[in-house]
Every structure is written in C-alpha cells, then in structure tokens.
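A.B. asks: First the structure, then my questions, so here it is.
What follows is calculated from the coordinates using simple rules that are stated; it is not laboratory data. From a predicted model like this one, the values you see are computed outputs, not experimental measurements. Note that each Cβ is placed from the backbone with ideal geometry, even for glycine, and that neighbours are counted across all protein chains shown.
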Amino acid sequence: MAARLSVAFFFALLLTAVVYWILQSMVSVAVDIGDLVQASRIEFTRMRRDTEVATKRDEKIQREKPKVAPTLPRMSFSNSGPSSDVVRMISPTVDTSGARMSLGAGSDRDVIPLVRINPDYPQRALSRGIQGWVQVQFTITAAGTVKDAKVVDAEPKNIFDDAALKAIARWRYNPKVQDGVAVERVGVQTIIRFEIEK
C-alpha cells in the first residue's frame, strides 16, 4: 500500500512540474508592441438628439358612400302542410283576441298565438338568392312558451333550419285550456317560408 502511494505521489509531482513549465514558457515569450493606436472614446450615456418638427398637411378624407341595403326577405307562416294557404307576415304580430276571454270553470279553448318573431334570413342564403321553407313541429307549454322544436321537413335541406328553430323558440302563445286548467299542446306544426322580396 505504501509503495502505491509513493508511486502515485511521484507521478503527481512530475505532472505538476510539467504543467508549470508549460505555463512559464507561454508567459515568458517576448511580444512586439509596435506603434500604439489611440483608442476611440466610448460613450455609455445616450444623448437625445432633437428631431425636426414635421407638420401634418390637412388631407381631404374621402368617405365611402353608404352601400345600398339589400331588399329585406319576406317570410310567411302556416299551421298546416306545405300545400295549404299561407299567411304572409312582414313583422311580428300579436293576436289579443283571446286575451279578454274569461276563464271560468269548465271553459275550454285551443292555443292562441300572441307573439311570432320573424326569423333572420341566413346571410349566405340571401347572398345566393336561395328561397325555401321549413316545416317545424313543437310543443306549447302550459306557460305559453315553445319547447321540443324540431324540423320535420325542409326545402332545401339544412339551409334555413337553424334560423327557423331560433325564431320559433321565441314565440309566445296563450296556452290550451281544458276544464279551466292550462295544459300542454303537443305536436303543433307550422311552416315558415323564406322568400326574397323583389
């Protein structure tokens, strides 16, 4: 064990001496300085330079002429099949004929439409001049609101479906009354026609 330590110590001493000799030879080399060059001055602070003031010229602004609004689409509604007569509506209507009806015991009545909101004509169909109709089936609740609306038939398919369902969801009715109690009316169908006025 002592022999190994002495050999290791000897090689470590020899390696250290060689490294120091190499460093000494690198440092002791003579360097020719030559002519000294004046260093340029370095400024570490930024100096603000004044900029020239530019005046804006009064330019005439040309405004675009407003675009001509497209003709509004005309939509119609009907409570039966596609071949029946259609009631044309341009704005929402409120039918209040049944609003003053007294609800005594035993008085019955069917649903009465109060508010019908016209659907928004889909912009894509309007720009392409597409017309059509959607047949929708829904339930009128005892509160007079619409639920479970679904498309039964449409022409053309999947063009006006969303617009028709969104509009019907906002319709309001006087509910059906049986034996003096408001009840749901299931399976009500209507057709919404999408036509462009010419």
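A.B. asks: Only one of these is touching a strand residue (DSSP E or B) at 6+ places or on another chain (Cβ under 7 Å) and part of a strand (DSSP E or B): ALA149, ALA142. Name it.
C.D. replies: ALA149 is the lone residue from the list that is touching a strand residue (DSSP E or B) at 6+ places or on another chain (Cβ under 7 Å) and part of a strand (DSSP E or B).
A.B. asks: Which residue is farthest from GLN189 (Cα to Cα), if the candidates are limited to the stretch 105-142 and must be surrounded by fewer than 13 Cβ atoms within 10 Å (Cβ to Cβ) and among the charged types (D, E, K, R)?
C.D. replies: ARG128
A.B. asks: ALA163: more than 29 Å from ARG109 (Cα to Cα), part of a strand (DSSP E or B) and small (Gly, Ala, Ser), yes or no? Working first, answer last.
C.D. replies: On the way: more than 29 Å from ARG109 (Cα to Cα): yes; part of a strand (DSSP E or B): no; small (Gly, Ala, Ser): yes.
Here the answer is no, as ALA163 does not meet what is asked.
A.B. asks: Right, here's the next one. Please determine whether any residue of the stretch 150-164 is of a type in the set (Val, Ile, Thr) and either in contact with a Ser or Thr (Cβ under 8 Å, 6 or more places away or on another chain) or in contact (Cβ under 8 Å) with a residue 60 or more places away in the chain (or both).
C.D. replies: Step one: filter the stretch 150-164 for residues of a type in the set (Val, Ile, Thr), giving 151-152, 159.
Next, from what is left, pick out any that are either in contact with a Ser or Thr (Cβ under 8 Å, 6 or more places away or on another chain) or in contact (Cβ under 8 Å) with a residue 60 or more places away in the chain (or both): none.
No - not one qualifying residue is present in the stretch 150-164.
A.B. asks: Could you please find all residues in the stretch 151-160 being crowded, with 17+ Cβ neighbours inside 10 Å and out of contact with any Asp or Glu (no Cβ under 7 Å at 6 or more places or on another chain)?
C.D. replies: ILE159, PHE160
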